[in-house]
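Let me begin by presenting the structure, written as structure tokens, before commenting on it.
The values are calculated or read from the model by the stated rules, or taken from the named source; none is laboratory data. Note that this is a predicted model, so its numbers are computed, not measured. Please note: Cβ atoms are built from the backbone with ideal geometry, for glycine as well, and neighbour counts cover all protein chains shown.
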């Protein structure tokens, strides 16, 4: 029986590098692919590892075919398809595992590595975060190391030994040398706006953020999700926080529990007639970078003055993209925060007064009472807000579960809720009083990154508010949550959000402050990554190159120029590399440390005015030197002694080398001749 | 042994080999395919004589790059773009690194030791690279022969042997040696040819037939009794310092004042003539083969033997030098002396 150490010593290093590289490339997939796929992949990888350690034999070809068939069945059984993003990745993973089991010669090995590179590219289909990017960079380097180790050959008829990481060194060197070329290609390679062909949409990716319907508890779920929903860069000073309402889906129909919009189910929403409005001041210009949320909403401030490319405006003033936002999307927007709608706006139609029968009987009574007290529809809004302000309503992130009638239970029983409860019950009361109203969901506010100049809007900023239609004024935004006094807002961060001034940052503990600071820094890095790496598309490429080229007097840059410039620079860099790598002048053999040290010592003495004669031995030279510099006599004798011993002793000792180096290092660089010596 | 498939793979082309070579040479591409003939001095692989082309795996790699690029365009995925660009750059750099692996290599081919026909000859070769730190996985190969793989580490000169299977006796010019490498990534093959005017002496293969030469050809040596050896007592002589103590005639020493040393005669005091004419029933090559066998047997039994071939006569003697002389005569029998610069 061989011990494990003995077995490990016989493992081909190339195969180990390959397995390590594949493992790193697989890791990000593990959380996404079903357990049975990862288990099968682990089995195949383990089989290969077992073979490397000489515990197992590789399967014969009938068994391999059987395994391949089994893999196909597993994939088809799991995904009911062999194509599509998820199934494709699973297929690739199992294919790779099978390839490992029939890997014998260099060709198979190369193919396995190429499949590994392809596997790395599939990771990017799901996430393009900075950490994944770095992790996959590591995987690429490991696979290159494997290739180098394999082509270096397992057996040699040569002298000398390679250290185990010689291949890694070479791969690292090549990757470093490749980086300038990569950056050049990345910047200058003309970007073609895809897709080239329609992609199968397997709907696998989970939707995130605000959904297209709202029932109690749905938005408060997001309240602890600190991930970024989108980032905003304002061209000039941002509007005041009270105006930062990022409109998303508008919900018009209430079924007693859930608010939704029937318009959303249509593939192409009803396009709204643009209402006429009068802007009260200049538009606010900004750029939104929206994180992928797998839905069609684009968020913008009220009132959008333009539409991003590839989107349309629905009758409820929602901006809806043509396709799901599956990748980071960047769009420029202009909005008028201050506007009045034209007087001629016709009163809206039925759905804005719809209420399900039998829901909220008490609320209906309350609405009638409040309307009577208010006297007019216009005063009714203030009356309801007053009701929220005066009754003991609390704003909490953990609202009690509403099991019965959600409206009545909240208004008269629990009186504790998150924004969706307030918005829903407000709209309900408005409609009950005959005032057209709708629920608007989206995000409110955002946080300025103090280390930079942009706003971060997080999922926890998700919000719901109301819009009411008042004759003569058109749709008006009303946010019932804001009337809750700060003392009844439970969470400190919410208090900061809704009533600034009531509490300050200094009331937070220093750890949470430090954490916030770290978060700001990390977000800034992420944003730069997004801006320059993920979202470097053909438009940004145009802009960027335009900016650079205009500096050199070129006015216009098209893709031909780009390609030509790219080839030119590529050629120049490669020529520099070729000169550097190939035309190296004849090198001296690596000098031995003893000779180097002694030469250095002689240089020092030469500077002091005492050069060694060509034919003078170390010992004679020492004798002569000692007479000149008797104060350094001890060091001189020691150096000569060490040098002679290292050169002529039958077994030179390594510690003598260090002693010689140390003695030479401590020897004075230039000795001042004492006056008396003449 | 590893490259037997090489010749099989090229089988259909082998009929066309000579016309193709002639055509390519006329086109000025002879150096590219066949090297530039033997050179007397040490060979340094300058950039003019190192060639590079992508391998089949290199083409697969290009296909991979294309797929990655298409996937990047289609999914608008910038990290896939970055990956494909990184791998493209690595591929371009691999070209330089491959080329560098052979560039400036200094080659000296030695004269191989003589072998018997059918054995593998080992062509000694010295490789050195004074301008690059290391060169890896260099395959040295005489076309259609097995390859030797070597590496040069830290500029240390390397001595290797290139195997060459022999099929014909005689004095053959060592063919060009194909020096190639696919290091580091297997994407490109760099190669060069090296040939120096070296000759491989191939003795005829010794016959397996254990037939002995006719006894009648054993001749009593005239000087046989006076030879020195260990077998037969030949007489006494006076002692010289340095004589073995065991050979001192102690009985005689006991009787007289002087010491005597016993002398012994030659071991086999016969002479053997290995004669071409003894084998009239065989054809030329078979005769040479048989004679080779006899030479080897005779050497092993320490006989004094001589060799008679038509036109050649080597007087009886013993020792390795004599054996070499006989074997060389057999190897070169009926062969034209070749022009040293034109194999």
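Among the residues of region A:144-155, the ones that are buried (at least 23 other Cβ atoms within 10 Å of the Cβ) and either at the interface with chain B (Cβ under 7 Å from one of its Cβ atoms) or over 17 Å from residue A:52 (Cβ atoms) (or both) come to 4 in all. Summed over region A:548-570, the residues that are out of contact with any helix residue (DSSP H, G or I) (no Cβ under 6 Å at 6 or more places or on another chain) and modelled with pLDDT under 85 give a count of 13.
Just to be sure, is residue A:434 in contact with a helix residue (DSSP H, G or I) (Cβ under 6 Å, 6 or more places away or on another chain), surrounded by fewer than 24 Cβ atoms within 10 Å (Cβ to Cβ), touching a residue at least 40 places away in the same chain (Cβ under 8 Å) and on the phi > 0 side of the Ramachandran plot? Give the derivation first.
Numbers: in contact with a helix residue (DSSP H, G or I) (Cβ under 6 Å, 6 or more places away or on another chain): no; surrounded by fewer than 24 Cβ atoms within 10 Å (Cβ to Cβ): yes; touching a residue at least 40 places away in the same chain (Cβ under 8 Å): yes; on the phi > 0 side of the Ramachandran plot: yes.
So residue A:434 does not fit the description; no.
Checking the structure you have, find out if any residue of region B:37-58 is more than 7 Å from chain A (Cβ to nearest Cβ) and assigned to a helix (DSSP H, G or I). Among the residues of region B:37-58, at least one is more than 7 Å from chain A (Cβ to nearest Cβ) and assigned to a helix (DSSP H, G or I), which makes the answer yes.
Condition check: touching a helix residue (DSSP H, G or I) at 6+ places or on another chain (Cβ under 7 Å) and either under 30 Å from residue B:207 (Cα atoms) or surrounded by 15 or more Cβ atoms within 10 Å (Cβ to Cβ) (or both). Does residue B:137 satisfy that?
Numbers: touching a helix residue (DSSP H, G or I) at 6+ places or on another chain (Cβ under 7 Å): yes; either under 30 Å from residue B:207 (Cα atoms) or surrounded by 15 or more Cβ atoms within 10 Å (Cβ to Cβ) (or both): yes.
Yes.
Test residue B:93 against the criterion of being assigned to a helix (DSSP H, G or I), free of Cβ contacts under 8 Å to residues at least 60 places away in the same chain, within 7 Å of another protein chain (Cβ to nearest Cβ) and under 21 Å from residue A:578 (Cα atoms), and give yes or no.
Working: assigned to a helix (DSSP H, G or I): yes; free of Cβ contacts under 8 Å to residues at least 60 places away in the same chain: yes; within 7 Å of another protein chain (Cβ to nearest Cβ): yes; under 21 Å from residue A:578 (Cα atoms): yes.
Considered against the rule, which asks whether it is assigned to a helix (DSSP H, G or I), free of Cβ contacts under 8 Å to residues at least 60 places away in the same chain, within 7 Å of another protein chain (Cβ to nearest Cβ) and under 21 Å from residue A:578 (Cα atoms), residue B:93 comes out as yes.
If you check A:86, A:106 for being surrounded by fewer than 18 Cβ atoms within 10 Å (Cβ to Cβ), on the phi < 0 side of the Ramachandran plot and in contact (Cβ under 8 Å) with a residue 40 or more places away in the chain, only one passes: A:106.
Identification of helices (runs of 4 or more DSSP H) wholly contained in region A:1-96 with 1 or more residues that are closer than 22 Å to residue A:140 by Cβ yields A:13-30, A:35-52. The set of residues in region B:159-178 being within 14 Å of chain A (Cβ to nearest Cβ) and buried (at least 21 other Cβ atoms within 10 Å of the Cβ) consists of B:162 alone.
A count restricted to region A:207-236 and to residues that are more than 21 Å from residue A:482 (Cβ to Cβ), in contact with a strand residue (DSSP E or B) (Cβ under 9 Å, 6 or more places away or on another chain) and assigned to a loop (DSSP other than H, G, I, E, B) stands at 10. Of everything in region B:96-113 that is touching a residue at least 24 places away in the same chain (Cβ under 8 Å) and surrounded by fewer than 18 Cβ atoms within 10 Å (Cβ to Cβ), the residue that is nearest to the other protein chains (Cβ to nearest Cβ) is B:106.
Looking at region B:289-323 only, could you name the residues that are outside any strand (DSSP E or B) and within 17 Å of residue B:335 (Cβ to Cβ)? First the steps, then the outcome.
Taking region B:289-323 as the starting set, the residues that turn out to be outside any strand (DSSP E or B) are B:289-303, B:310-311, B:318-323.
Passing the criteria: B:289, B:291, B:292, B:310, B:311.
Looking at the structure I just gave you, is residue A:193 within 22 Å of residue B:73 (Cα to Cα), modelled with pLDDT under 95 and either more than 7 Å from chain B (Cβ to nearest Cβ) or surrounded by fewer than 14 Cβ atoms within 10 Å (Cβ to Cβ) (or both)?
Details: within 22 Å of residue B:73 (Cα to Cα): yes; modelled with pLDDT under 95: yes; either more than 7 Å from chain B (Cβ to nearest Cβ) or surrounded by fewer than 14 Cβ atoms within 10 Å (Cβ to Cβ) (or both): yes.
Taking the combined requirement at face value, the residue satisfies it.
Has region B:130-140 got at least one residue that is farther than 18 Å from residue B:108 by Cβ and not in a strand (DSSP E or B)? For region B:130-140, residues farther than 18 Å from residue B:108 by Cβ and not in a strand (DSSP E or B): present.
For the condition part of a loop (DSSP other than H, G, I, E, B), within 11 Å of chain A (Cβ to nearest Cβ) and buried (at least 18 other Cβ atoms within 10 Å of the Cβ), residue B:151 does not qualify. Among the residues making up region B:118-132, those that are on the phi < 0 side of the Ramachandran plot and surrounded by fewer than 20 Cβ atoms within 10 Å (Cβ to Cβ) are B:119, B:120, B:122, B:124, B:126, B:128, B:130, B:131, B:132.
Answer yes or no as to whether residue A:131 is over 30 Å from residue A:88 (Cβ atoms), at pLDDT 90 or above, more than 8 Å from chain B (Cβ to nearest Cβ) and not in a loop (DSSP other than H, G, I, E, B). Explain how you work it out, then say what you get.
Details: over 30 Å from residue A:88 (Cβ atoms): no; at pLDDT 90 or above: yes; more than 8 Å from chain B (Cβ to nearest Cβ): yes; not in a loop (DSSP other than H, G, I, E, B): yes.
No; evaluated as a whole, the condition is false for this residue.
Of all the criteria given as (1) closer than 30 Å to residue A:450 by Cα; (2) surrounded by fewer than 16 Cβ atoms within 10 Å (Cβ to Cβ); (3) in contact with a helix residue (DSSP H, G or I) (Cβ under 7 Å, 6 or more places away or on another chain), the one not satisfied by residue A:534 is (2). Hey, does region A:408-418 have a residue that's touching a helix residue (DSSP H, G or I) at 6+ places or on another chain (Cβ under 9 Å), within 30 Å of residue A:226 (Cβ to Cβ), in a helix (DSSP H, G or I) and modelled with pLDDT of 85 or more? Yes, region A:408-418 has at least one match.
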